[in-house]
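**Student:** Below is the structure I would like to discuss, written out as structure tokens.
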Amino acid sequence: MAAPSLEDIETVTVIGAGSMGHGIAQVFAMHRYDVTLVDIEEEPLSTALENIEQSLERLGEEPGPVLDRITTTTDRNSGLSDTDLMVEATPEDIDLKRDVFAAADEAAPEHAILATNTSTLPVTEMADATDRPEQVVGMHFSNPVPLIDLVEVISGEQTSDSVIELTVALSEDVGKTPVILEKDVPGFLLNRINYAFWSEGLRHLDDGRHDAEAIDASIRRLGFPMGPFEVLDFAGIDVFYMVCQALQDRDVPVVISETHENLVEADAYGMKTGEGFYDYPSPGEYARVDIPRERRHEYNPYQMIASAVNAAAWLLDNDVTTMEDVDTAMRTGMSWPRGPLEFADEYGIDRIIELLERLHEETGREQYDPHPLLERMVEQGRLGWKTGEGFYEYDHETTSFGSVEYERREFVARIVLDRPDKLNAMDESAWRGLRAALEQARGDDDIRATIVEGSGRAFSAGDDIPEMAGWESSDECQEYLDEVLLPAIKAFRAHPKPTIALVDGIATGAGCELVLLSDLAVAGDGSRFGQPEGTIGALPPIWLAHGTTSVGKKKLLELATTGDLFTATEAHEMGLLNYAVDSEQAPDVARELARSTTASAPGSIESIKTIWNGVEDDLVDDWLATATDELAERLMSDEGRHGLEAFIEDETPRWER
Ligand code: NAD
């Protein structure tokens, strides 16, 4: 028979008055429905009413009118005799649930919809216990029901489309966000992705490579309100254990980690027992865990995201659900700041596959074997932000300015110094290209931050020495500085968006000076920094002009006089970098930094930069003028000519001792 319409649903019967049942009853009663709450005993019913009252008070709602709409009974049949919708929330036992469904089928009116709140059991098996399988549906709320807005609406094998539509409408009517699962797959959407996500974190606790704090800090870094182990402690380590077992029972390849087993064996379920991954003041008393923010770059959180994306790809390729519903479910149900597919597009589908391949090789686990859907996306060039299309479509634009590539990726401009065979040495075309690319980013209001990086093994190894050696007079040099180099530096300083240097490799000479000029800087751990101009008889003009505002005199002069190469950690310590991280994560940390700057209004950022430049202007203008005069003279001196020649011939200059 055709499903009733939303207006026809007035009475709702909730079977089971436990953690979920009382919350479901509350939510329906808060939205005009007359609710009958059924349990096998009086005690859970009275506890349920107390809990509902307290919850309403916490929500600032007047409890009276809502409680007036709730009737409690231990007589299931009377509770079902004139119901329009049953929501079953009894313990997770298929035989018990089949009994409840068979009895409800007998007792409830013909038009009534029979829904189950099961987390892990097949909806179809419950539907098979009735003579109305097309009217049986999964309605999976999340705990605590009044606070978490997600409802997974699950179709059993025979559930009719009109029943799915009605369940979606009902969920929306009680203020929830429904997502639809067209198939009754183990774990549905949320638990399938949660397993993939959490198990990758748990694996590291077993092998001891990372601890819970480092992993939680890294996930929080992506904007999650809590790390995975904080969430597991909050939700119940035992609850997740049961989910894992249920997935295993339904032939999903699940590996339960040793750490997880041990915690369950020790009855350390998290907050509810006072002990889990972390300790709590007393059983049941929540206290926010103090996760050390400074550890947030120790673990690559995209390993967990990649595992979640692989699980999502399986759901999509098997026509279980849609991209939008995957992302909505994780945002709404698990407070992800962005959905897994949005994260994947941002990170790059090709890089997601690389991570998965590595994890697969490391563990041999099927869950990491990259799903063919992801491989097909790569074949089609759908890599995410970097090609303008991945799971979703994005604003994307590329332009070449000589040896400098400009790319818009969503709200970020990416400027790439692209002379990899010359270690991105800054010749005239590179300086001019850099300036033009900066202008392009400047003119685009949707660009919120500009990242400058180098292609290949270097950020930039500095100015183009053979080009400099070709100058025949100080005037020629001065003209180049005035017309090519200084305007590019001015454009860099005056750029109205935050500039972020992303270094992964060599940043020496002008390369190091560009890092100094940028507002923010991130480097991979193999990067090296240095100002070796003195070794060729020249000098680093920007450092002398600009360096004292971010690096002290001693370090500055050590850099400028020794020509030594400094590590990323040293560069970080001296104030040249915001973060030195492992190379794999460097582009992500730079992108995250770009996103973080979008917390500030674009106009505020412009003002901050104007004020900062104002502080520096006197120094820079005077000092730069002196420094460039010096440079022009130095290059034409005996030392300069000899030094350039020695550099080009790969010989040691005569002054070195
Ligand atoms: P619970 O143990 O807190 O409550 C179950 C209630 O059902 C108890 O009050 C029990 O007395 C009652 N009951 C048992 N047999 C009954 C029967 N024959 N008729 C009527 N009442 C009966 O369990 P819960 O955590 O509320 O879970 C209920 C369902 O919701 C399960 O299917 C579970 O998988 C699912 N679920 C739980 C959560 C969660 O976080 N707890 C989240 C989503 C879904």
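The values are calculated or read from the model by the stated rules, or taken from the named source; none is laboratory data. Given the structure is predicted, the values throughout are model-derived calculations rather than measurements. When we count neighbours, we look across all protein chains shown, and the Cβ atoms used for this are built from the backbone with ideal geometry, even at glycine. We work out accessible area using only protein heavy atoms, side chains counted, and drop any ligands, DNA or RNA first. Shrake-Rupley method; radii C 1.70, N 1.55, O 1.52, S 1.80 Å.
**Student:** Cα centroids of segment 302-318 and segment 346-388: how far apart, whole angstrom?
**Tutor:** Using only Cα atoms, the two centres lie 9 Å from each other.
**Student:** Would you work out what percent of the accessible area of segment 600-657, with all protein chains in place, is carbon or sulfur (probe 1.4 Å)?
**Tutor:** Numbers: 1930 of 3910 Å².
Carbon and sulfur: 49 percent of the exposed surface of segment 600-657.
**Student:** Counting other Cβ atoms within 10 Å of each Cβ, which chymotrypsin sites (Phe, Trp or Tyr not before Pro) in segment 561-655 have at most 13 and sit in a DSSP loop?
**Tutor:** Details: sites: Phe566, Tyr579, Trp612, Trp623, Phe647, Trp655; in loops: Trp655.
Here the chymotrypsin sites (Phe, Trp or Tyr not before Pro) that fit, given the DSSP loop and packing criteria, are Trp655.
**Student:** In segment 254-335, which trypsin sites (Lys or Arg not before Pro) fall in coil by DSSP and have 14 or fewer other Cβ atoms within 10 Å? Numbers along the way, then the final one.
**Tutor:** Working: sites: Lys272, Arg288, Arg293, Arg295, Arg296, Arg331; in loops: Arg288, Arg296.
For trypsin sites (Lys or Arg not before Pro) across segment 254-335 that sit outside H, G, I, E and B with at most 14 neighbouring Cβ atoms in 10 Å, the list reads Arg288.
**Student:** Okay, which of segment 209-251 sit inside 16 Å, backbone N to the point 7 Å along the Cα-Cβ direction of Lys183?
**Tutor:** 250-251
**Student:** At 1.4 Å probe radius, can you tell me the per residue accessible area of the chain in Å²? Let's see the in-between values first.
**Tutor:** Numbers: 26980 Å² over 657 residues.
On a per-residue basis, 41 Å².
**Student:** Any chance you could run the full-extension gain for Asp475 through Asp290? It's 0.36 nm times the residue separation minus the Cα-Cα distance, nm to one decimal.
**Tutor:** Working: separation 185, 0.36 × 185 = 66.60 nm, distance 6.09 nm.
Between Asp475 and Asp290, full extension yields an extra 60.5 nm.
**Student:** Moving on to the next point. Where the centre of each part is set by its Cα atoms, how far does segment 581-654 sit from segment 534-557, in angstrom?
**Tutor:** Spelled out, the Cα-based centre of one part sits 10 Å from the other.
**Student:** Percent antiparallel among DSSP beta bridges with both residues in the chain, to the nearest 5?
**Tutor:** Numbers: 23 of 71 bridges.
In the chain, approximately 30 percent of DSSP beta bridges are antiparallel ones.
**Student:** Mind listing the phi-derived Karplus ³J(HN,Hα) values for segment 477-484, rounded to whole Hz, using 6.51, -1.76 and 1.60 with θ = phi - 60°, and x for any glycine or proline?
**Tutor:** Taking θ as phi minus 60°, the curve returns 5, 4, 4, 4, 4, 5, 8, 10 Hz for segment 477-484.
**Student:** With each pseudo-label sitting 7 Å past Cα toward Cβ, what's the Asp395-Glu265 distance in nm, one decimal?
**Tutor:** Going by the 7 Å Cα→Cβ label model, 5.5 nm.
**Student:** For Lys554, which aspartates and glutamates qualify as cross-link partners when the Cα separation must be under 15 Å and same-chain residues fewer than eight apart are set aside?
**Tutor:** Candidates past the 8-residue exclusion: Asp564, Glu570, Glu573.
**Student:** Treating cross-link reach as a plain straight distance, find the lysines whose alpha-carbon is under 28 Å from the alpha-carbon of Lys176, omitting any fewer than eight places away in the same chain.
**Tutor:** Partners found: Lys97, Lys272.
**Student:** Based on alpha-carbon centroids, what's the gap between segment 1-39 and segment 182-200 in Å, whole number please?
**Tutor:** Answer, in whole Å: 26.
**Student:** Now for a different question. Amide H of Thr118 versus every other amide H placed in the peptide plane: which residues, excluding those fewer than 5 positions away on the same chain, fall under 5 Å?
**Tutor:** For Thr118, the qualifying residues are Met139.
**Student:** Next question. Take peptides 27-38, 392-403 and line them up by average Cβ neighbours within 10 Å, highest first, as a rough protection proxy. Mind dumping the intermediate values first?
**Tutor:** Working: 27-38: 22.0, 392-403: 15.3.
Most protected by this proxy first, the peptides run 27-38, 392-403.
**Student:** What is the set of long-range amide H partners of Phe401 at a cut-off below 5 Å, with H atoms built 1.01 Å from backbone N?
**Tutor:** Long-range HN contacts for Phe401: Tyr406.
**Student:** Through the Karplus equation 6.51 cos²θ - 1.76 cosθ + 1.60, θ set to phi - 60°, convert the phi angles of segment 85-93 into ³J(HN,Hα) values in whole Hz; use x for Gly and Pro.
**Tutor:** 8, 9, 10, 8, 9, 8, x, 6, 9
**Student:** Could you tell me, in Å, what Rg and Dmax come out for the Cα atoms of segment 190-379?
**Tutor:** 16.0, 54
**Student:** How far, in nm, would the chain grow between Ser583 and Glu165 when pulled straight, counting 0.36 nm per residue and subtracting the alpha carbon separation?
**Tutor:** Values: separation 418, 0.36 × 418 = 150.48 nm, distance 4.84 nm.
Going from the current span to full extension adds 145.6 nm.
**Student:** Return the carbon/sulfur percentage of the accessible area of segment 6-181, one whole number, probe 1.4 Å, all protein chains in place. Show your work: numbers first, answer last.
**Tutor:** On the way: 3010 of 7020 Å².
Taking all protein chains in place, segment 6-181 shows 43 percent carbon and sulfur surface.
**Student:** Taking every DSSP beta bridge with both residues inside segment 6-181, roughly what % is antiparallel (nearest 5)? The partial results should precede the final answer.
**Tutor:** Details: 5 of 30 bridges.
Bridges in segment 6-181 that DSSP calls antiparallel: roughly 15 percent.
**Student:** For Thr549 and Arg358, what is the calculated FRET efficiency with R₀ set at 41 Å and r taken between the beta-carbons, to the nearest 0.05?
**Tutor:** Efficiency for this residue pair is about 0.50.
**Student:** Please list, or write none, the lysines whose alpha carbon is within less than 30 Å of the alpha carbon of Lys497, excluding same-chain residues fewer than 8 places away.
**Tutor:** Those lysines meeting the cut-off are Lys386, Lys422, Lys553, Lys555, Lys609.
**Student:** Figure the gain on full extension for Ser282 and Glu41 (residue separation times 0.36 nm, minus the Cα-Cα span) and round it to one decimal in nm.
**Tutor:** Details: separation 241, 0.36 × 241 = 86.76 nm, distance 2.94 nm.
Result: 83.8 nm gained on full extension.
**Student:** Pop out the carbon and sulfur fraction of the accessible area of segment 481-559 as a percent, whole number, probe 1.4 Å. Mind showing how you got there, number by number?
**Tutor:** On the way: 1240 of 2130 Å².
Answer for segment 481-559 is 58 percent, counting heavy atoms of protein chains only.
**Student:** To the nearest 0.05, what FRET efficiency results for Asp369 and Asn77 with a Förster distance of 41 Å applied to their C-beta separation? Kindly include the intermediate steps, with their values, before the conclusion.
**Tutor:** Working: r = 50 Å, r/R0 = 1.22.
Taking R0 as 41 Å, the efficiency between Asp369 and Asn77 is 0.25.
**Student:** Once phi is turned into θ = phi - 60°, what whole-Hz ³J(HN,Hα) does the Karplus curve with 6.51, -1.76 and 1.60 give for every residue of segment 435-447, x standing for Gly and Pro?
**Tutor:** Going residue by residue, I get 4, 5, 5, 4, 5, 4, 5, 4, x, 9, 5, 7, 7 Hz, with x marking Gly and Pro.
**Student:** Which one of Val179, His210, His140 has its Cα pushed farthest toward the positive end of the charge dipole of segment 86-216, where Lys and Arg give +1 and Asp and Glu give -1 at the Cβ?
**Tutor:** Ranked along the dipole, the leading option is His210.
**Student:** What percent do you get for the relative contact order of the chain when only Cα pairs under 8 Å and 6+ apart count? Let's see the in-between values first.
**Tutor:** Details: 1271 pairs, mean separation 48.2, N = 657.
RCO, the chain: 7 percent.
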